[in-house]
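The values are calculated or read from the model by the stated rules, or taken from the named source; none is laboratory data. Just so we're clear, the structure is a prediction, and the values are computed from it rather than from any experiment. Positions of Cβ are backbone-derived with ideal geometry, glycine not excepted, and every protein chain shown enters the neighbour counts. Note: areas computed on protein heavy atoms with side chains; ligands, DNA, RNA excluded. Shrake-Rupley method; radii C 1.70, N 1.55, O 1.52, S 1.80 Å.
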Amino acid sequence: QKVRETPAPSRRVYFNLERFERSTKMNNSTRQGALLKLYLFRHGETELNRAGIVQGAGVDASLTPLGFRQAIGVGKSFVDRNSVVATFKEWNIICSTMARTRETLMGFCLGAQENANATTDESAHEYLPDDISLPSELYSIPIILDARLKEKAQGARENKRNDITQETAEAMELKLGNPPSAFFKESDEEVAVRALGVVEDEIRRVTQSHTLSSTLMVTHGGVIRVLLRDIFKVGGGPGEERIRVFNSSISQINVHITKQQEDTHSDSAATTANRNMLVVGEEVFEYTATLVGPIGDTSYIPPHLVSERSDW
């Protein structure tokens with residue numbers, strides 16, 4: 001199994017103007033456009049999802065039988081609707097290293113390959129079959145495990161009901177003799193930095209071909225919410241209602257990538273800083289995002305397998 005090395009975290013989340021001004025002057029080539037279709041696939045239902053328990057990065061829960069059947073159903077419908085087999089050279093699959101995402105991708109691969117045993121019937125897969133493992137590729141598409149896509153660390157809230165606040169959770173742990181410092185908690189910005197690193201790696205890949213490419217990212221609700229809201233600006237802002245991302249749902253983002261001409265540096269600092277820019281070698285690219293369809297689209301899941309309680 002190919003595991004992508006996790007680089008040291010970058011300190012920037014958005015475009016760094018100083019870095020741009022230091023970059024090598026571009027040549028006079030014309031603007032070129034490319035498109036990255038990004039499919040953010042949340043893992044299937046776990047027992048803790050069903051119980052309304054916060055998991056975070058510290059609780060490595062497995063899927064329920066329903067969650068595994070959800071993944072199989074998504075695999076079947078996703079391949080059919082997106083012509084994955086016919087266009088496999090244009091695809092990439094990246095998966096969080098956590099158990100629930102890897103098991104989700106196992107089910108997805110079973111459904112995608114139309115395996116004779118890949119059924120979504122309730123009588124099947126009472127438990128994850130022991131003889132099923134995550135393949136190294138699907139239809140010649142390499143499967144990459146990347147720890148940067150793991151769930152947001154929730155500190156003392158992990159393994160507690162989702163209606164318990166951070167302050168209450170820390171007070172509960174203090175009573176048990178566990179100081180808050182014993183629990184690692186990430187900010188949304190920290191999650192954004194590492195998740196953006198994965199996205200920008202994919203953008204770099206696309207800039208080499210200047211053509212259409214697609215990436216399936218199997219990850220977690222917390223990561224997807226941060227990507228939609230803070231990186232792509234399509235999922236609401238601070239203080240707005242929480243984005244609902246159901247288990248096994250898919251949110252599609254089209255990332256439009258444009259190569260910048262050398263006079264880009266003449267833009268005002270205020271204008272440039274509000275744009276997503278990426279330096280690749282001696283070239284500078286701007287990218288913008290468009291949401292395709294609803295956030296947390298459950299239409300890939302067979303209707304009888306959609307769980308209304310699984311948006312935590």
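The table for this structure:
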read-out: Pairs where the first residue, in region 201-227, is over 13 Å from LEU36 (Cβ atoms) and crowded, with 23+ Cβ neighbours inside 10 Å and the second is modelled with pLDDT under 90 and aromatic (Phe, Trp, Tyr), C-beta under 8 Å, 6+ apart; value: GLY221/TRP312
read-out: Residue ID - modelled with the lowest pLDDT, chosen from residues in region 292-309 that are open to solvent by less than 40 Å² (accessible area, probe 1.4 Å) and among the small types (Gly, Ala, Ser); value: SER307
read-out: Residue list for region 154-193, filter: of a type in the set (Asp, Glu) and either more than 27 Å from ASP230 (Cα to Cα) or surrounded by 13 or more Cβ atoms within 10 Å (Cβ to Cβ) (or both); value: GLU158, GLU170, GLU173, GLU186, ASP188, GLU190
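Condition check ((1) closer than 26 Å to CYS95 by Cβ; (2) at pLDDT 90 or above) across all residues:
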site: ARG225; (1), (2): yes, yes
site: ILE231; (1), (2): yes, no
site: ILE257; (1), (2): yes, no
site: MET277; (1), (2): no, no
site: ASP311; (1), (2): yes, no
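Per-residue answers, yes or no, for (1) assigned to a strand (DSSP E or B); (2) modelled with pLDDT of 90 or more; (3) out of contact with any strand residue (DSSP E or B) (no Cβ under 7 Å at 6 or more places or on another chain):
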| residue | (1), (2), (3) |
| --- | --- |
| LYS152 | no, yes, yes |
| ALA156 | no, no, yes |
| ASN159 | no, no, no |
| GLU170 | no, no, yes |
| LEU174 | no, no, yes |
| SER181 | no, no, yes |
| GLU190 | no, yes, yes |
| VAL193 | no, yes, yes |
| LEU196 | no, yes, yes |
